[in-house]
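Here the structure is laid out as structure tokens; the discussion comes afterwards.
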């Protein structure tokens, strides 16, 4: 990725109120991550830095972490 390029990663947040339904009824086991978890993923990657910003959809179940490459 060129400098100034950005990557947006989506994930379910642990505050997902339908987690039990998804896990046990739908058998859809997801890894739920916090803002801090996504920061750690970006810091451990070639980006080497935390997220630039975090956005949420209206229900705040999904979060979208953005990181801009230096």
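Tabulated data
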item	result
Relative contact order (%) - criterion: Cα under 8 Å, at least six apart; region: region 1-57	24
Two-decimal Rg/Rh across region 6-68, once Rg and the Kirkwood Rh are taken from alpha-carbon atoms	1.03
Angle between the chain longest axis and helix 35-44 axis [Cα atoms, degrees, rounded to 10]	40
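Just so you know, all these numbers are worked out from the coordinates, no wet-lab data involved. No experiment lies behind these values; they were computed from the predicted model shown.
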